[in-house]
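Below is one structure, written out as structure tokens, with a few remarks after it.
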Amino acid sequence: MVRNCELCLERRAALRRPKTAQKICRECFYTAFETEVHEIIIKYQLFKEGERVAIAASGGKDSTVLAHVLTELNKRHSYGLDLFLLSIDEGITGYRDDSLETVKRNEVQYGIPLKIVSYKDLYGWSMDEIVGEIGLKNNCTFCGVFRRQALDRGAAMMKAQKLATGHNADDMAETVLLNLLRGDIARLSRCTAIVTGEDGALPRCKPFKYAYEKEIVMYAYFKKLDYFSTECIYSPNAYRGFVREFIKDLESIRPRAILDIIKSGESFRIIPTTKMPVQGNCERCGYISSQRLCKACVLLEGLNRGLPRLGISKAQSFQVSSDGNNDKRKNVVHERSKSRLVQHNIK
Amino acid sequence: MKCKQKAGQVLGNQTEPMCKDCLRLSLLSKFKTGLNHQGAVGGSDKVLVAFSGGPGSRLALQFLCELQSKLQDEAESCKDRNSAVFDVGVAFVDESGAQGIPLTDAQKTLDEIASVVAEVRPTPLPLHLTSLESLFENEVLELQASSKLHEDDNSGKDNKDKSRQRLIELLSRVEDQTGKEDLVEHMRMDALQRVAKHYGYTRVVLGLCTTRVAARVLAATAKGEGFALPAGIQYVDARWPVPVLLPLRDCVSKELSVLCHLTNLKTVFLKKMTAMGNSRASINSLTHSFISLINEENPSREYTIMRTAAKLIPFGFNKLAQDDSMLHFNGRPRNPHARRNLGRIEPCEIEVLCPICSAPLAKSDFSSLQPKVSVSDSFTRMSLEEAFEPSTSGIDSELLPSKIFRDVCCPSCQYQIIPDQSKDSVLELLPLMVQQRAAASLLRKEGWMREYIGDCLLESDE
Amino acid sequence: MQLTLEFKGGLELLFGSVKVHQIEVEPSDGKDKLKLQELLIWVRNHLLKERPEMFMKGNSVRPGVLVLINDCDWELLGQLDAVVDEKDTVVFISTLHGG
């Protein structure tokens, strides 16, 4: 016996909503999903009218659905936003090539321009080259640092005022738990914020903060959205896997547990006296940094000098000259992106 | 290797092999540090150890009695008539009613518990056996280990049966498995508090260890209890009429279990709701098995979780109130500036507590200011302490309207224990003391709200 | 060889509620020492009365179960590669719900 949608009572129910367990039709699901994102955008004032917003696009489900939904809501509710897709090419053969093709298709499908920025352009090294140099032990650290800066630098190059990322509720819950497990109390206090870096030149927001990963997948599936999903080939992280599985299990016992974890993260009260690093600028490239040299410059210094562990472990003491003359070619490239940063007032 | 003399026997949490004696010293030293936090136990205290049968509470009991005997010897040898040594008692809460365990098996467990407790020290320890269903009885009745769980006279037996039935009925009406397990835990604490208060104990000691605290931290996070989380994981928890201490909080369960085994301390395994069952049955069992899993990957993980949570800001009631006498727990003056603790809470720091689980409520969880509710006279002017006494003014049958009751409950209890707004089915069976606490919390909440909007209130004849 | 096995912390429930077991087991391949790995499999096949997943996970003990050989932590003896000898005592303690 096929039942009707609980919400509209007219159309046939096609799915059970992971967040609420309601049995609803596709149209009501789209409406519910899109409306919730819209309400979050309004409630937390994520955007200002006329803002130029970079959508971090990896070609994966989160960013594809984000691009689709933002484009749609921008039209429907007249946010007046100037949207474009920003994609990072880490230089991982076989992985990134495919997802970049997806993003190129997204550009056409959603009618918004695409900008691709590569690690090679920004830093002089691709991930393949980095792994070739340092192996598989700390490559994720490199990629994480480089990606973060790449998004900021790419957005700055394109004169964006805000960056929107596709982090979803499951990601956020995972981050809260990981910070608990790692004992990172400082990160724990900041990680549930829906907007970060408001005091800097490029604030980032997470419109999908309360959207379940399962619902994002369902949305993409039913709407037949084009996305690419594989694990990064360089990323076996068993530890994160445990937490992911724990969250999945929690979800099956009590779906709202994911949102409850986020709520807990938001309610943690942390002693504010822990040393807050003073934000300054990197001497080499001008990127915002609490140290003399930003993390990317430190890592690059290590790569260029053939000292791969530089910048990974805390106990390193080293002399880094601020003009870094060791590899002229690579540093010239880095200089180029530096001047662009300075031009656009990125601290 | 710690002492570098004997062979290492256990790979402790410190990842350093330890022999039995070093392990013992390490755990004892942590216990003493935890116990002495804020000078929580002094010579005039009566300490009740909540014995669960497990290695944690068994060791807490063992260490406490050894400390007591050492201090008594010292007092005697010094002929110091002024230095009193604390008293020790043991309590056990029978939870067979919640597990569906038949009375005959439950009796066997009680006998085992009694025999383990009898071995702890030469002079027998006072053992108070109580049960979850005792919360439904007006007087603090005690089970006798030697006699049956039923009373011999019929009227007593009827009462006991009725209470047990009520317990079973109450739990069956809680549909959420996690909620059910949590409700049992809250009732266990209430039963302990009742016994402690009745027999004049001034402190309750729990054998809660790092491992279980870590599991609690994760489970509480998953239930959205992030605000209240710090309350139950500090060394001292003075929300309760009799303050609760967690001196073993920094000891991991592996070390406790191994030490019990190596020193031949008997433990009793109790089939609890979360034990030996399907790990996916509830959030509690899932987090327990998750902790075990990540400990395999890194044994120090549970300690990190506990330490991280311990860095969250605690509440006012996580400190004992001060007064002017200055005693160390061995009865000798510690230092001129040390203060003795009475267990009272400073009035300005009183939080509004959930009547079911006693979690402090976040102001943001209160619904917006409601019109002033008329609370019947019999509920006015009731303090937290009075709420623990059995009813004195015959208000058994008066229930707070469910909407009002729910408003002072924490979001977690609202969701998992009393979810159905339209029915009072669970509410009407909760122990009376829960209702009384709700009334007290309601008054406190109104007081807080009045203060908050104080400058807007006009003169009125209230 | 003759061994004494003890099950505590609730594990005894899986072994007929008997805590101490005296067993007789022969190492395979005619060797005179028994690896713990082998012993575990023997226990699962011959002694375990119910719910093997509560005691073992894959070929080792379930997370949360401690193993002591002659009162020494197996982590100091090589875990699954530890060897047991005639008249040894092996203790299994579940710490899953200690209190």
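The values are calculated or read from the model by the stated rules, or taken from the named source; none is laboratory data. These numbers were taken from a predicted model, which means no experiment stands behind them. Here the Cβ positions follow ideal geometry from the backbone for every residue, glycine too, while neighbour counts run over all protein chains shown. Heads up: the accessible areas ignore ligands, DNA and RNA and are worked out on the full protein's heavy atoms, side chains in. Shrake-Rupley method; radii C 1.70, N 1.55, O 1.52, S 1.80 Å.
Things to note:
- Residue that is most open to solvent (accessible area, probe 1.4 Å), among those in segment B:45-82 that are of a type in the set (Gly, Ala, Ser) and free of Cβ contacts under 8 Å to residues at least 60 places away in the same chain: B:77
- For residue A:53, the requirement of being closer than 18 Å to residue A:207 by Cα and not in a helix (DSSP H, G or I) is met.
- Residues located in segment C:1-16, provided they are in a loop (DSSP other than H, G, I, E, B) and at the interface with chain B (Cβ under 10 Å from one of its Cβ atoms): C:9, C:10
- When B:115, B:131 are checked against the criterion of being at negative phi, surrounded by fewer than 17 Cβ atoms within 10 Å (Cβ to Cβ) and either at pLDDT 95 or above or among the polar types (S, T, N, Q) (or both), B:115 stands alone in meeting it.
- Counting only helices (runs of 4 or more DSSP H) that sit completely within segment B:170-278, those holding 2 or more residues that are more than 15 Å from residue B:306 (Cβ to Cβ) and open to solvent by less than 10 Å² (accessible area, probe 1.4 Å) correspond to B:177-198, B:253-262.
- In segment B:32-83, the residues that are in a loop (DSSP other than H, G, I, E, B) and among the polar types (S, T, N, Q): B:36, B:44, B:52, B:82, B:83
- Filter result for residue A:245 (touching a Pro at 6+ places or on another chain (Cβ under 6 Å) and of a type in the set (Asp, Glu)): no
- Only one of C:31, C:57, C:87, C:35 that is within 26 Å of residue B:286 (Cα to Cα) and open to solvent by 40 Å² or more (accessible area, probe 1.4 Å): C:57
- Residue satisfying all of: in segment A:280-309; modelled with pLDDT of 75 or more and open to solvent by 60 Å² or more (accessible area, probe 1.4 Å); nearest to residue A:122 (Cα to Cα) among these: A:295
- So residue C:94, is it polar (S, T, N, Q) and crowded, with 21+ Cβ neighbours inside 10 Å: yes
- One residue alone among A:72, A:107, A:49, A:39 is surrounded by fewer than 21 Cβ atoms within 10 Å (Cβ to Cβ), assigned by TED's automatic domain parsing to the domain that holds residue A:156, charged (D, E, K, R) and in contact with a Leu (Cβ under 6 Å, 6 or more places away or on another chain), and that residue is A:107.
- When residue A:164 is tested against (1) surrounded by fewer than 17 Cβ atoms within 10 Å (Cβ to Cβ); (2) over 25 Å from residue A:239 (Cβ atoms); (3) hydrophobic (A, V, I, L, M, F, W, C), just one condition goes unmet, and that condition is (1).
- Any hit, segment A:178-194, residues being free of Cβ contacts under 8 Å to residues at least 60 places away in the same chain, away from chain B (no Cβ under 14 Å) and outside any helix (DSSP H, G or I): yes
- Here residue A:116 meets each of (1) away from every other protein chain (no Cβ under 14 Å); (2) in a helix (DSSP H, G or I) with one exception, condition (2).
- The single condition from (1) in contact with a Cys (Cβ under 8 Å, 6 or more places away or on another chain); (2) under 25 Å from residue B:433 (Cβ atoms) that residue B:127 fails is (1).
- Taking first residues from segment A:257-272 that are more than 7 Å from every other protein chain (Cβ to nearest Cβ) and partners that are open to solvent by less than 60 Å² (accessible area, probe 1.4 Å) and of a type in the set (Phe, Trp, Tyr), the Cβ contacts under 7 Å between residues at least 6 apart in sequence or on separate chains come to A:258/A:212; A:259/A:210.
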